[in-house]
Amino acid sequence: MSITEDLRVVDPWYLRGELALSCNCEVFCPCVLSLGQSAPTEGYCLTWACVRVDEGHFGDTDLSGVKFGFMAEIPGKLGRGNWTVALFVDDKASAQASKALTWIMTGRAGGSTGLLKILAGSFLGTRQVPIVYETQGQTRIIKIEKIVDGAITPVRGKDQGNVVIRNSEYWISPDIIVSRADKSRFRLFGRNWNFEGRSAEICKLDWSNQKGR
(Lines give C-alpha, C1' and ligand atoms only; values in the text may rest on other atoms or scores of the structure.)
Protein backbone atom coordinates (compact mmCIF):
# COMPACT_ATOMS: atom_id res chain seq x y z
CA MET A 1 0.00 0.00 0.00
CA SER A 2 1.45 3.39 -0.95
CA ILE A 3 1.83 6.37 1.36
CA THR A 4 -0.92 8.19 -0.52
CA GLU A 5 -3.28 5.31 0.22
CA ASP A 6 -2.56 4.95 3.93
CA LEU A 7 -1.95 8.55 4.99
CA ARG A 8 -3.95 11.61 4.06
CA VAL A 9 -2.60 15.14 4.13
CA VAL A 10 -5.84 16.22 5.85
CA ASP A 11 -5.26 13.88 8.82
CA PRO A 12 -4.71 15.70 12.12
CA TRP A 13 -1.20 15.38 13.51
CA TYR A 14 0.88 16.65 16.42
CA LEU A 15 4.32 16.08 17.93
CA ARG A 16 5.39 16.96 21.47
CA GLY A 17 8.84 16.34 22.83
CA GLU A 18 12.30 17.87 22.67
CA LEU A 19 14.62 18.95 19.87
CA ALA A 20 18.39 19.41 19.94
CA LEU A 21 20.08 21.17 17.02
CA SER A 22 23.66 21.92 16.01
CA CYS A 23 24.74 24.29 13.24
CA ASN A 24 27.82 25.98 11.78
CA CYS A 25 27.05 29.45 13.20
CA GLU A 26 29.44 30.99 15.71
CA VAL A 27 28.13 31.87 19.21
CA PHE A 28 24.40 31.74 18.35
CA CYS A 29 22.31 31.48 15.20
CA PRO A 30 20.85 34.89 14.16
CA CYS A 31 17.99 33.13 12.35
CA VAL A 32 16.11 32.62 15.63
CA LEU A 33 15.46 36.32 16.22
CA SER A 34 15.53 37.52 12.60
CA LEU A 35 13.16 34.70 11.53
CA GLY A 36 15.47 33.81 8.68
CA GLN A 37 15.85 37.33 7.31
CA SER A 38 19.44 37.77 8.55
CA ALA A 39 22.19 35.63 7.05
CA PRO A 40 23.80 32.90 9.17
CA THR A 41 27.17 33.97 10.61
CA GLU A 42 29.06 32.06 7.89
CA GLY A 43 26.76 33.33 5.14
CA TYR A 44 25.16 29.90 4.73
CA CYS A 45 23.66 27.30 7.07
CA LEU A 46 24.70 23.71 7.65
CA THR A 47 22.73 22.00 10.37
CA TRP A 48 21.56 18.73 11.82
CA ALA A 49 18.93 18.16 14.50
CA CYS A 50 17.39 15.31 16.44
CA VAL A 51 13.93 14.99 18.00
CA ARG A 52 12.65 12.85 20.85
CA VAL A 53 8.89 12.48 20.44
CA ASP A 54 7.26 12.05 23.84
CA GLU A 55 3.72 12.16 22.52
CA GLY A 56 2.42 12.29 18.97
CA HIS A 57 -0.02 11.05 16.33
CA PHE A 58 -0.60 11.31 12.61
CA GLY A 59 -4.21 10.30 12.10
CA ASP A 60 -4.38 6.79 13.58
CA THR A 61 -0.59 6.33 13.54
CA ASP A 62 0.97 6.59 17.00
CA LEU A 63 4.28 8.47 16.98
CA SER A 64 4.88 8.45 20.74
CA GLY A 65 8.39 7.35 21.66
CA VAL A 66 9.77 7.71 18.14
CA LYS A 67 13.12 9.44 17.59
CA PHE A 68 14.06 11.12 14.33
CA GLY A 69 16.66 13.47 12.95
CA PHE A 70 17.15 15.69 9.94
CA MET A 71 19.86 17.64 8.16
CA ALA A 72 19.59 20.87 6.21
CA GLU A 73 21.98 22.69 3.92
CA ILE A 74 20.87 26.24 3.18
CA PRO A 75 22.83 28.44 0.72
CA GLY A 76 22.02 31.84 2.28
CA LYS A 77 19.26 33.48 4.28
CA LEU A 78 16.80 30.86 5.46
CA GLY A 79 13.80 32.78 4.14
CA ARG A 80 15.11 32.63 0.56
CA GLY A 81 14.68 28.87 0.42
CA ASN A 82 16.47 26.37 -1.82
CA TRP A 83 17.17 24.13 1.19
CA THR A 84 18.55 20.63 0.78
CA VAL A 85 17.14 18.35 3.48
CA ALA A 86 17.17 14.69 4.52
CA LEU A 87 15.30 12.75 7.20
CA PHE A 88 16.47 10.00 9.55
CA VAL A 89 13.97 7.88 11.48
CA ASP A 90 14.87 5.44 14.23
CA ASP A 91 14.93 1.87 12.96
CA LYS A 92 12.63 0.83 15.83
CA ALA A 93 9.81 2.94 14.37
CA SER A 94 7.15 1.29 12.24
CA ALA A 95 7.07 1.78 8.49
CA GLN A 96 3.83 3.71 8.95
CA ALA A 97 5.48 6.07 11.47
CA SER A 98 8.37 6.65 9.06
CA LYS A 99 5.92 7.54 6.29
CA ALA A 100 4.02 9.89 8.59
CA LEU A 101 7.21 11.70 9.60
CA THR A 102 8.19 12.01 5.95
CA TRP A 103 4.87 13.74 5.27
CA ILE A 104 5.43 16.06 8.24
CA MET A 105 9.09 16.90 7.58
CA THR A 106 8.60 17.61 3.88
CA GLY A 107 5.80 20.06 4.71
CA ARG A 108 3.13 18.08 2.87
CA ALA A 109 1.09 17.57 6.05
CA GLY A 110 0.81 21.34 6.65
CA GLY A 111 0.82 22.93 10.06
CA SER A 112 4.01 23.82 11.95
CA THR A 113 6.30 22.37 9.29
CA GLY A 114 4.25 23.43 6.28
CA LEU A 115 6.83 26.06 5.26
CA LEU A 116 9.27 23.25 4.41
CA LYS A 117 7.17 22.48 1.34
CA ILE A 118 8.10 25.95 0.08
CA LEU A 119 11.65 26.33 1.40
CA ALA A 120 13.08 22.86 0.71
CA GLY A 121 14.08 22.59 -2.94
CA SER A 122 15.73 19.18 -2.65
CA PHE A 123 14.76 16.22 -0.45
CA LEU A 124 17.44 13.52 -0.24
CA GLY A 125 15.06 10.94 1.19
CA THR A 126 14.29 9.13 4.45
CA ARG A 127 16.60 6.58 6.05
CA GLN A 128 15.75 4.32 8.98
CA VAL A 129 18.80 3.90 11.21
CA PRO A 130 19.46 3.40 14.95
CA ILE A 131 19.11 6.70 16.84
CA VAL A 132 20.08 7.59 20.41
CA TYR A 133 18.72 10.68 22.18
CA GLU A 134 19.76 10.76 25.83
CA THR A 135 20.06 13.39 28.57
CA GLN A 136 23.13 13.18 30.80
CA GLY A 137 22.91 15.99 33.37
CA GLN A 138 22.26 19.05 31.20
CA THR A 139 23.90 17.57 28.10
CA ARG A 140 21.97 15.93 25.26
CA ILE A 141 23.80 12.99 23.71
CA ILE A 142 22.80 12.42 20.09
CA LYS A 143 23.87 9.50 17.92
CA ILE A 144 22.49 8.68 14.51
CA GLU A 145 24.41 5.55 13.58
CA LYS A 146 27.33 6.26 11.20
CA ILE A 147 25.88 9.74 10.50
CA VAL A 148 25.77 11.99 13.60
CA ASP A 149 27.85 12.00 16.78
CA GLY A 150 26.82 14.92 18.97
CA ALA A 151 26.80 16.29 22.51
CA ILE A 152 24.93 19.56 23.15
CA THR A 153 25.04 21.50 26.43
CA PRO A 154 23.08 24.63 27.44
CA VAL A 155 24.97 27.88 28.01
CA ARG A 156 24.76 28.82 31.70
CA GLY A 157 23.34 32.21 32.67
CA LYS A 158 24.23 34.63 35.49
CA ASP A 159 21.89 33.17 38.10
CA GLN A 160 22.69 29.45 37.64
CA GLY A 161 19.90 28.93 35.10
CA ASN A 162 20.33 28.55 31.35
CA VAL A 163 20.37 31.39 28.83
CA VAL A 164 16.96 31.27 27.11
CA ILE A 165 15.38 33.17 24.21
CA ARG A 166 11.69 33.49 25.10
CA ASN A 167 8.48 34.34 23.25
CA SER A 168 9.96 34.47 19.75
CA GLU A 169 8.14 33.67 16.50
CA TYR A 170 10.82 31.17 15.49
CA TRP A 171 9.19 28.35 13.54
CA ILE A 172 10.74 25.56 15.62
CA SER A 173 9.73 26.87 19.06
CA PRO A 174 9.08 30.22 20.78
CA ASP A 175 11.50 29.40 23.64
CA ILE A 176 15.05 28.34 22.77
CA ILE A 177 17.74 27.27 25.23
CA VAL A 178 20.97 28.81 23.93
CA SER A 179 23.49 25.97 23.75
CA ARG A 180 26.89 24.96 22.45
CA ALA A 181 28.09 21.79 20.76
CA ASP A 182 30.66 19.92 22.85
CA LYS A 183 30.81 17.45 19.98
CA SER A 184 29.15 17.65 16.58
CA ARG A 185 30.09 15.47 13.64
CA PHE A 186 27.97 14.76 10.57
CA ARG A 187 29.09 12.44 7.78
CA LEU A 188 26.85 11.53 4.83
CA PHE A 189 26.02 12.53 1.24
CA GLY A 190 29.66 13.59 0.70
CA ARG A 191 29.45 16.00 3.67
CA ASN A 192 31.96 15.87 6.53
CA TRP A 193 30.95 18.53 9.06
CA ASN A 194 32.51 19.31 12.42
CA PHE A 195 30.68 21.98 14.46
CA GLU A 196 32.44 21.44 17.82
CA GLY A 197 32.27 24.62 19.91
CA ARG A 198 29.70 26.25 17.67
CA SER A 199 26.06 27.28 18.02
CA ALA A 200 23.42 24.83 19.20
CA GLU A 201 19.84 24.92 20.42
CA ILE A 202 17.61 22.88 22.72
CA CYS A 203 13.86 23.42 22.88
CA LYS A 204 10.55 21.87 23.76
CA LEU A 205 8.69 20.79 20.67
CA ASP A 206 4.95 21.32 20.19
CA TRP A 207 4.10 20.99 16.49
CA SER A 208 0.66 20.42 14.99
CA ASN A 209 -1.60 21.09 12.04
CA GLN A 210 -4.55 21.75 14.31
CA LYS A 211 -5.20 25.36 15.32
CA GLY A 212 -5.55 25.97 19.04
CA ARG A 213 -4.15 22.61 20.04
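The values are calculated or read from the model by the stated rules, or taken from the named source; none is laboratory data. Remember, predicted model here, so these are calculated numbers, not experimental data. With ideal geometry, Cβ positions are generated from the backbone for all residues, glycine too; neighbour counts draw on all protein chains shown. To get the accessible areas, we keep the full protein, side chains included, count just its heavy atoms, and leave off ligands, DNA and RNA. Shrake-Rupley method; radii C 1.70, N 1.55, O 1.52, S 1.80 Å.
Quick look at the numbers
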read-out: Helix 95-105 axis, angle to the chain major axis (alpha carbon atoms, nearest 10°); value: 60
read-out: Label point at Lys204 placed 7 Å out along Cα→Cβ; residues across region 32-74 whose backbone nitrogen lies under 18 Å; value: 51-57, 65
read-out: Computed E for Tyr44/Asp11 - FRET, C-beta separation, R0 30 angstrom, nearest 0.05; value: 0.30
read-out: Fraction in percent of alpha-carbon pairs per bin - 5 Å, region 39-90; value: 5, 18, 21, 16, 14, 13, 10, 3, 0
read-out: Cα convex hull of the chain - mean projected area over all directions, nm²; value: 11.4
read-out: Of Lys99/Lys211; Lys77/Lys211; Lys143/Lys211, pairs whose Cα-Cα distance is over 30 Å; value: Lys143/Lys211
read-out: Stretch gain in nm, segment Ser94-Asn194, where the contour uses 0.36 nm per residue and the Cα spacing is subtracted; value: 32.9 nm
read-out: Rounded to whole Hz, the Karplus (6.51, -1.76, 1.60) HN-Hα couplings of region 179-184, x for glycine and proline; value: 9, 9, 8, 6, 8, 7
read-out: Length released on extending from Leu35 to Val155, taking residue separation times 0.36 nm less the Cα-Cα span; value: 41.1 nm
read-out: Separation of alpha-carbon centers, region 86-147 and region 186-213, rounded to whole Å; value: 9
read-out: Sulfur and carbon atoms: percent of accessible area, the chain [1.4 Å]; value: 48
read-out: Sites matching trypsin sites (Lys or Arg not before Pro) across region 71-131 that sit in DSSP coil, with at most 12 neighbouring C-beta atoms within 10 Å; value: Lys92
read-out: Other-chain or far-sequence residues with amide H under 5 Å of Val66's (modelled H); value: Val53
read-out: For the chain, accessible area per residue (1.4 Å probe, heavy atoms of protein chains only), Å²; value: 47
read-out: Electrostatic dipole magnitude of region 75-213 [Cβ: Lys, Arg +1; Asp, Glu -1; Cα centre; debye, to 20]; value: 320
